[in-house]
Amino acid sequence: MGFVCLGYCSVMTEPTTSFRTCPLCEATCGLAIEHQDGTVTRIRGDHDDVFSQGFLCPKGTVLGKFHDDPDRLRTPLIKQDGRHVAVSWDEAFAAISDGIVPVLDRSERDGGAMYLGNPVVHSLDLSLYSRAITVALGSKKVFSASTVDQRPREVASGLIYGSSFTIPVPDIDRTTALLLIGANPLVSNGSLATAPDWPGRIQALLDRDGALIVVDPARTKTAAKATTHLAPFPGTDALFLAAIASELVSTGQHRPDDADRAALEQVVEALAEFTPESVAEATGIAAEQTRDVIAQLVAAERPCVYARLGTTITPFGTTASWLVDVVNALLGALDAPGGAMFATNPAGSKNTRGEGPHGPVQTLGRRQTKASGMPIELGEHPVAALADEIESGNITALITVAGNPVLSCPDSERLDGALSGLEFMVSIDCYLNETTRHADVILPPPSHLQKPHFDVAFGNLAVRNVANYSAPIFPLDDGALAEWEICARLATVLGGGEGTREAAELVDSTIADQLIRGALGSSQCPPELSEERIRVAIGDRTGPDRVLDLLVRSGPYGDWFGSNDGLSLDVLVEHPHGIDLGALEPRIPEVLLTPSGRPEFAHPSLLGDVARLATLLTEPSSGLRLINRRTLRSNNSWMHNLEILVKGKPRCTMLMHPDDAQARGLDVGDRATVSSSAGSVEIAVELDDTIRPGVVSIPHGWGHGVEGTSLAVAERHAGVNVNVLTPATVVDPLSGTSQLTGFRVEVAAATA
Ligand code: SF4
């Protein structure tokens with residue numbers, strides 16, 4: 001592209017293209033970002049990206065729009081007389097120090113709590129430094145979006161494999177039959193399975209005459225591509241999986257690894273009452289349909305079962321996740337090419353430190369929340385308990401990081417009210433939204449284009465081993481703080497300090513020192529390596545770049561600080577389109593951290609839930625049940641302030657089968673009142689003759705236009721908050737995850 005100066009542009013710079021991994025969702029697409037003079041002129045897919053090869057979705061094109069959004073916060077805000085006003089960083093940290101520290105100290109820190117939103121895991125800075133806040137807070141009350149999402153999968157993995165990070169992902173590029181349950185990757189772009197271009201990968205499966213079997217109450221975009229689509233009653237997937245497992249064994253069609261045969265047969269013995277016939281009424285899937293699915297999986301050379309959100313946000317999420325692995329193991333598909341495999345995270349993980357020593361037995365049920373006795377697992381309180389804990393005075397101060405629980409958590413009207421009763425609240429967030437409007441102080445991070453990026457978490461979940469680093473494209477605004485520095489300064493304030501730059505640097509150095517000690521203590525550390533050599537190798541880098549360099553260099557592909565030709569941050573910087581580290585490879589037993597050195601399929605906590613699962617067999621199937629849905633241009637709650645993503649016909653509608661609508665005197669476009677045990681909302685009806693009768697669907701993340709927010713575009717496309725309907729009282733007792741799908745609702749024509 002040429003550069004033309006018209007005489008008035010003395011500081012105009014050359015148009016530049018920068019390559020960057022999209023930080024918005026798990027797909028991690030490579031972007032080619034064209035920009036000039038601090039303005040993004042165009043974003044397209046990076047055709048040279050080793051993982052995404054040019055794919056991107058509509059959301060990937062909006063990073064420039066987000067950077068320029070006038071509602072994006074650029075200076076800290078403090079609440080004065082009920083209104084948020086801009087202040088300097090020093091004033092903001094002073095207000096936090098004066099406001100939150102006395103509140104925390106009065107409760108000996110036990111009254112403090114933290115909520116981490118989903119974007120934390122998509123930010124390198126937050127992934128590496130938010131823990132400093134938790135540590136400085138000095139309270140065990142940590143909540144996150146995990147308990148309205150994937151926590152059951154993590155709990156199941158902890159019990160079976162010894163680490164919650166050890167999550168099997170579908171080897172989508174090599175499978176020949178994919179059973180996909182409760183997932184819609186053609187719209188969500190994947191979850192707990194990092195794979196750019198799901199549409200292309202699914203099409204490739206179909207092109208090689210593979211089977212795509214989709215189990216979903218709605219005929220989603222993914223289901224529409226399926227070679228077989230089954231529409232069960234929502235929330236019954238664990239029954240369906242149990243029937244597949246027991247049928248595989250009773251008909252002698254299983255082919256597990258011999259080392260796991262005894263444990264798996266113990267599991268199937270416990271599942272004996274679940275047969276294709278016995279679960280048919282409860283699931284809505286006829287016995288012959290279940291047998292057809294089994295026949296397709298058994299006949300396939302490389303079968304694979306993969307399940308997602310629709311299976312985990314139910315009261316049986318952990319059990320369903322366990323049974324996915326049991327079925328994969330019975331099919332011989334666990335840890336096998338084309339089956340469900342384990343990634344090797346280039347940034348290192350608990351499960352990349354080599355075989356043994358094996359870990360302790362994982363147990364559940366040791367801690368419960370004070371007010372409502374909900375399970376605390378993997379060190380986190382369930383968000384369903386947050387309102388209870390605040391209302392009962394157990395939480396008096398809250399820090400939220402990149403989260404909007406008022407829209408994303410159950411019984412949200414009650415939570416909204418509870419937040420207003422806190423003694424002090426701090427938010428790290430880019431918007432004045434439905435949650436942060438309650439904050440006494442809001443600390444705004446820079447835009448995505450102003451910070452480095454590397455997916456430290458998604459290396460555990462990728463369907464191919466890949467490493468890709470992105471440097472910031474734009475500098476920080478004058479006076480702005482980097483996201484890591486905000487975290488580090490806040491941590492020092494919570495610890496009783498003043499939140500200075502020097503104090504933040506000390507936090508940063510402490511993190512680096514810990515990683516250096518960890519590297520030197522690793523069994524994989526070359527004997528000749530010394531602390532001095534590591535410090536010379538990492539040079540004078542600071543902040544997230546230094547931490548990432550340490551992680552990658554001491555990770556499974558690392559150069560061990562110059563000891564071999566492996567990865568370092570310098571090597572990553574030299575490869576702006578990423579580095580392909582190859583297809584997934586079998587990793588059992590090296591990936592395991594279990595006492596037996598094998599997957600603990602017959603873990604007592606999992607076997608112990610089978611009796612509860614049996615109660616689902618007699619649940620009445622009449623009435624309406626509500627399910628969630630994703631839309632391609634929406635990402636939870638936080639991207640609704642970008643006109644390009646929300647324009648056009650309203651997306652926050654209720655999908656309903658025409659028969660159900662007619663029975664209630666409703667037609668397309670009518671307003672309906674939807675009620676549950678938690679609350680009611682009014683919403684426009686959209687008819688869909690492909691959704692299962694008895695099921696209605698509303699997307700989540702909407703419900704904007706609330707007083708005290710500053711989201712001009714979102715306010716014009718407000719939608720309704722589906723979580724007003726979600727009861728906070730029903731959780732998966734093994735993981736504490738809320739039931740967000742499949743609960744009963746009443747629908748009637750709106751009266752007004
Ligand atoms: S699929 Fe996800 S990672 Fe890819 S462009 Fe869209 S939002 Fe970004």
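Only residues that are touching a residue at least 40 places away in the same chain (Cβ under 8 Å) and assigned to a loop (DSSP other than H, G, I, E, B): list them for region 686-706, please.
Our first condition is that a residue be touching a residue at least 40 places away in the same chain (Cβ under 8 Å); within region 686-706, this holds for 688, 690-692, 694-704, 706.
Residues satisfying the conditions are 688, 690, 691, 692, 694, 700, 701, 702, 703, 704, 706.
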Out of all the residues in region 16-31, is one or more charged (D, E, K, R) and under 30 Å from residue 134 (Cα atoms)?
yes
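Please verify whether residue 233 is within 25 Å of residue 273 (Cα to Cα), outside any helix (DSSP H, G or I), more than 16 Å from the ligand (Cβ to nearest atom) and over 22 Å from the mean Cα position of the chain (by Cα), treating the condition exactly as stated. Write out each step before concluding.
Details: within 25 Å of residue 273 (Cα to Cα): yes; outside any helix (DSSP H, G or I): yes; more than 16 Å from the ligand (Cβ to nearest atom): yes; over 22 Å from the mean Cα position of the chain (by Cα): yes.
Here the answer is yes, as residue 233 does meet what is asked.
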Please determine, by comparing only the residues of region 721-743 that are aliphatic (A, V, I, L, M) and in contact with an Asp or Glu (Cβ under 7 Å, 6 or more places away or on another chain), which one is nearest to residue 367 (Cα to Cα).
734
Residue that is farthest from residue 434 (Cα to Cα) [pool: residues in region 65-107 that are among the acidic types (Asp, Glu) and touching a Phe, Trp or Tyr at 6+ places or on another chain (Cβ under 9 Å)]
69
Subset of region 571-587 (residues that are touching a residue at least 60 places away in the same chain (Cβ under 8 Å) and β-branched (Val, Ile, Thr))
573, 579
Mind checking which pairs have a first residue in region 620-640 that is within 14 Å of the ligand (Cβ to nearest atom) and a second that is among the hydroxyl-bearing types (Ser, Thr, Tyr) and assigned to a loop (DSSP other than H, G, I, E, B), Cβ under 8 Å, 6 or more apart or different chains?
638/431
Output yes when any residue across region 39-60 is away from the ligand (no atom under 16 Å from the Cβ), out of contact with any strand residue (DSSP E or B) (no Cβ under 8 Å at 6 or more places or on another chain), over 22 Å from residue 577 (Cβ atoms) and assigned to a loop (DSSP other than H, G, I, E, B), and no when none is.
no
Are there any pairs, at least 6 apart or on different chains, whose C-beta atoms fall under 8 Å, with the first in region 53-64 and closer than 13 Å to residue 634 by Cα and the second among the small types (Gly, Ala, Ser), and if so, which?
57/27; 60/45
What's the number of the only condition in (1) in contact with a Lys or Arg (Cβ under 6 Å, 6 or more places away or on another chain); (2) modelled with pLDDT under 95 that residue 430 fails to meet?
(2)
Just a yes or no: is a residue in region 62-83 more than 16 Å from the ligand (Cβ to nearest atom), polar (S, T, N, Q) and at pLDDT below 95?
no
Would you mind listing the strands (runs of 3 or more DSSP E) fully within region 68-136 where at least 3 residues are surrounded by 21 or more Cβ atoms within 10 Å (Cβ to Cβ)?
112-116
Hits in region 19-37 (condition: in contact with a His (Cβ under 9 Å, 6 or more places away or on another chain) and away from the ligand (no atom under 13 Å from the Cβ)):
19
Subset of region 383-405, residues within 19 Å of the chain's Cα centre (by Cα) and not in a helix (DSSP H, G or I), comes to 400, 401, 402, 403, 404
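Being under 22 Å from residue 469 (Cβ atoms), in contact (Cβ under 8 Å) with a residue 12 or more places away in the chain and touching a Lys or Arg at 6+ places or on another chain (Cβ under 8 Å) narrows it down to one of 523, 568, 563, so name that one.
Details: 523 fails: under 22 Å from residue 469 (Cβ atoms); 563 fails: touching a Lys or Arg at 6+ places or on another chain (Cβ under 8 Å).
Of 523, 568, 563, the one residue that is under 22 Å from residue 469 (Cβ atoms), in contact (Cβ under 8 Å) with a residue 12 or more places away in the chain and touching a Lys or Arg at 6+ places or on another chain (Cβ under 8 Å) is 568.
If I go through region 532-562 residue by residue, how many of them are touching a Pro at 6+ places or on another chain (Cβ under 9 Å) and not in a helix (DSSP H, G or I)? Outline the logic, then answer.
Start the filter on region 532-562 by keeping residues that are touching a Pro at 6+ places or on another chain (Cβ under 9 Å), which leaves 543-545, 548, 551-552, 555-558, 560-561.
Of the ones still in play, those that are also not in a helix (DSSP H, G or I) are 555-558, 560-561.
Number satisfying all stated conditions: 6.
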Unique match (being touching a Leu at 6+ places or on another chain (Cβ under 9 Å) and outside the structural domain of residue 325 (by TED's automatic domain parsing)) among 99, 111
111
Residue 297, sole failed condition from (1) closer than 25 Å to residue 733 by Cβ; (2) buried (at least 23 other Cβ atoms within 10 Å of the Cβ)
(1)
More than 16 Å from the ligand (Cβ to nearest atom) and more than 28 Å from residue 513 (Cα to Cα): does that describe residue 199?
no
Pairs only if they're at least six apart or on different chains, beta carbon under 8 angstrom, first in region 170-190 and in a loop (DSSP other than H, G, I, E, B), second within 16 Å of the ligand (Cβ to nearest atom) and aromatic (Phe, Trp, Tyr); list them, first residue then second.
172/198; 189/198; 190/198
Which one is surrounded by the fewest Cβ atoms within 10 Å (Cβ to Cβ), of the residues in region 394-423 that are over 18 Å from residue 142 (Cβ atoms) and touching a His at 6+ places or on another chain (Cβ under 9 Å)?
420
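The values are calculated or read from the model by the stated rules, or taken from the named source; none is laboratory data. Being a predicted model, the structure only gives us computed values, none of them experimental. Cβ coordinates were reconstructed from backbone atoms using ideal geometry, including for glycine residues, and neighbour counts include every protein chain displayed.
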